[in-house]
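Take a look at the structure set out below.
Read-outs throughout are calculated quantities, based only on the coordinates presented, and are distinct from any laboratory measurement. Owing to the predicted nature of the structure, the values given are computational and were not obtained by experimental measurement. Don't worry about glycine lacking a Cβ; one is built from the backbone with ideal geometry, like all the others, and counts go over all protein chains shown.
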Amino acid sequence: MRWFILLIAISAVSLPSQNVQASEQAVAIDYLYGEDDITGVRLAYRPYNTQFTSIDWLGSLDVYWEVSVNFWEYGPHNQHDTNYAVALSPVFSNQFDTLYGKYPLKWEFGIGVSLVNDTHFAGKDIGSHYQFEDRLGLVLQFGQQLDSSLAVRYMHYSNGGLDDHNPGVDFLNVSYAKTF
């Protein structure tokens, strides 16, 4: 838990570098497919994007904040179960390759907090309305101004032991984002 607080504190006070504008914003829409045939849509807004100046073993590290609303559905249409969550996450990424000499390929990870509407969903007692939203993914930037991106992610929601019931919910996620 201490490292999570440290990551948030560092990202909150990080200063923008010369080559990344702090005013850059983005919106994203995601399709989620989870265990037990849970499906969902995730709408996200990224109000702030910055960059750590340099970390010796990592190089420059991009950081953005993301606010999202998640809509989840489970079961056949005549007996389905729905749930929604709102989340806030700092997300860290770093370019590790370039496709065709032009399109940046990045890894990303983030650990945020979320508030889930219903603690009984998809036949599970997830224990708490308060959940952590963890992500690990690959991101490809594209477009004339590199203002669009596609991401493939693994996302995990869990209460982190805040409650005795903690089965978690896992998703594979495909995301499209547009920067403006």
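So here's what we get for this one:
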| item | result |
| --- | --- |
| Spin-label model distance (nm) - Val69 vs Phe142, 7 Å beyond Cα toward Cβ | 2.9 |
| Spatially proximal aspartates and glutamates relative to Lys178 (Cα-Cα < 20 Å; intrachain offsets below 8 disregarded) | Glu24, Asp30, Asp62, Glu66, Glu108, Asp147 |
| Under 10 Å, Cβ to Cβ, from Gly110 - net charge with Lys/Arg +1 and Asp/Glu -1 | -2 |
| Relative contact order of the range 93-177, defined on C-alpha pairs under 8 angstrom at six or more residues apart (%) | 25 |
| Among 42-50, 117-125, the order from most to least packed when residues are scored by Cβ within 10 Å on average | 42-50, 117-125 |
| Charge tally in the Cβ shell below 12 Å around Met155, where Lys, Arg are +1 and Asp, Glu are -1, Met155 excluded | -4 |
| Net lengthening on full extension, Gln25/Asn166 (0.36 nm per residue, minus Cα-Cα) | 47.4 nm |
| Simple spin-label estimate for Asp81 and Gln95 in nanometres, 7 Å along Cα-Cβ | 4.4 |
| Summed residue charge, Cβ within 13 Å of Asp36's Cβ, Lys/Arg positive, Asp/Glu negative | -4 |
